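Read the structure below first, then the notes.
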Amino acid sequence: GTEATMHDEL
Amino acid sequence: MNIFRFAGDMTHLISVLVLLLKIYATKSCSGISLKTQELYALVFLSRYLDLFTNYISLYNTLMKLVFIGSSLAIVWCMRMHHAVKRSYDKEVDTFRHYYLVLACFVLATLVNEQFTLREVCWAFSIYLEAVAILPQLVLLQRSGNVDNLTGQYVFFLGAYRAFYILNWIYRYFTEQYFTRWIACIAGIVQTALYADFFYYYFISWKNNAKLQLPA
């Protein structure tokens with residue numbers, strides 16, 4: 001499955 | 001985390017501190033666009049929805065709280081504080097920023113990483129941040145001369161996203177599958193909007209003269 005795009009930036 | 005992103009976050013933090021200093025020290029917000037501040041508050045609120053749901057690091061959480069808190073505090077000050085709101089020149093700050101919000105929202109529903117609430121809000125915040133400075137730049141051109149703190153505020157605000165572009169280039173080459181096309185393209189547009197401001201800022205710094213933007 002497509003991993004949820006982890007937004008690790010501010 | 002890499003040095004470019006850390007430098008970008010610190011530059012962004014400095015721009016917020018310079019604005020808070022200007023408002024607190026001079027009890028005035030002359031030359032500051034309330035509309036840009038409102039757009040930035042909306043950018044942070046729509047981007048940091050996951051503030052309490054997915055924890056990334058203490059640094060990440062703290063910085064999100066600082067950006068949300070400071071942007072709301074500045075909007076509150078400019079709208080409610082008796083001394084500060086008197087210095088707000090609303091007849092000069094006339095950019096129709098609601099159109100920016102609408103356009104960015106429509107674009108975010110069309111172009112996003114996934115059609116989920118969180119991703120549409122994230123894309124919306126990225127697009128909105130790219131154009132949020134427009135009311136401020138228009139106000140500076142209308143009001144002609146720019147006081148030092150306001151000029152420094154806009155300069156650091158513009159410089160931070162330039163550091164982020166270096167961060168995306170760095171991550172693209174050092175991490176597999178790292179692509180942030182939406183953020184990267186919007187970040188390039190955002191930084192490009194400051195181009196002429198940077199030029200006049202550099203000229204004023206070189207000639208040690210007051211920052212003047214051509215009308």
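Values quoted throughout were computed directly from the atomic coordinates according to the rules given, and no laboratory measurement underlies them. This structure is a prediction, so every number in the text was calculated from the model and none was measured. Neighbour counts are summed over all protein chains in view; Cβ atoms, including those assigned to glycine, are modelled from backbone coordinates with ideal geometry.
Residues in the stretch B:106-144 that are closer than 12 Å to B:V43 by Cα and surrounded by fewer than 17 Cβ atoms within 10 Å (Cβ to Cβ): none.
So is B:L42 surrounded by 15 or more Cβ atoms within 10 Å (Cβ to Cβ) and out of contact with any strand residue (DSSP E or B) (no Cβ under 9 Å at 6 or more places or on another chain) or not? Yes. For beta carbons closer than 6 Å, sequence separation of 6+ or different chains, a first residue in the stretch B:43-65 that is facing chain A (nearest Cβ under 9 Å) and a second that is in a loop (DSSP other than H, G, I, E, B), the qualifying pairs are B:I56/A:D8; B:M63/A:L10; B:K64/B:Y48.
Of all the residues that make up the stretch B:57-84, how many are surrounded by fewer than 15 Cβ atoms within 10 Å (Cβ to Cβ) and either among the aromatic types (F, W, Y) or part of a helix (DSSP H, G or I) (or both)? Steps first, answer last, please.
Here is the first cut: in the stretch B:57-84, the residues surrounded by fewer than 15 Cβ atoms within 10 Å (Cβ to Cβ) are B:57-59, B:61-62, B:65, B:69, B:76, B:79-80, B:82-83.
Filter again for either among the aromatic types (F, W, Y) or part of a helix (DSSP H, G or I) (or both), leaving B:58-59, B:61-62, B:65, B:69, B:76, B:79-80, B:82-83.
Residues in the stretch B:57-84 being surrounded by fewer than 15 Cβ atoms within 10 Å (Cβ to Cβ) and either among the aromatic types (F, W, Y) or part of a helix (DSSP H, G or I) (or both): 11 in total.
Just so you know, in the stretch B:85-97 the residues that are in contact with a helix residue (DSSP H, G or I) (Cβ under 9 Å, 6 or more places away or on another chain) and in a helix (DSSP H, G or I) include one that is nearest to the other protein chains (Cβ to nearest Cβ), and it is B:H97.
The set of residues from the stretch B:181-203 being hydrophobic (A, V, I, L, M, F, W, C), more than 14 Å from chain A (Cβ to nearest Cβ) and within 17 Å of the chain's Cα centre (by Cα) comprises B:I185, B:I188, B:V189, B:A192, B:L193, B:A195, B:F197, B:F198.
Evaluate the following for B:K22: is it out of contact with any Asp or Glu (no Cβ under 7 Å at 6 or more places or on another chain), surrounded by fewer than 17 Cβ atoms within 10 Å (Cβ to Cβ) and away from chain A (no Cβ under 14 Å)? For B:K22, the condition - out of contact with any Asp or Glu (no Cβ under 7 Å at 6 or more places or on another chain), surrounded by fewer than 17 Cβ atoms within 10 Å (Cβ to Cβ) and away from chain A (no Cβ under 14 Å) - is not met. Filtering the stretch B:106-154 down to residues that are within 19 Å of B:Y201 (Cβ to Cβ), in a helix (DSSP H, G or I) and of a type in the set (V, I, T), which residue is farthest from the other protein chains (Cβ to nearest Cβ)? Across the stretch B:106-154, the extreme among qualifying residues is B:V138.
In the set (1) in a helix (DSSP H, G or I); (2) surrounded by fewer than 20 Cβ atoms within 10 Å (Cβ to Cβ); (3) within 14 Å of chain A (Cβ to nearest Cβ); (4) touching a helix residue (DSSP H, G or I) at 6+ places or on another chain (Cβ under 6 Å), B:F178 fails one condition alone, (1).
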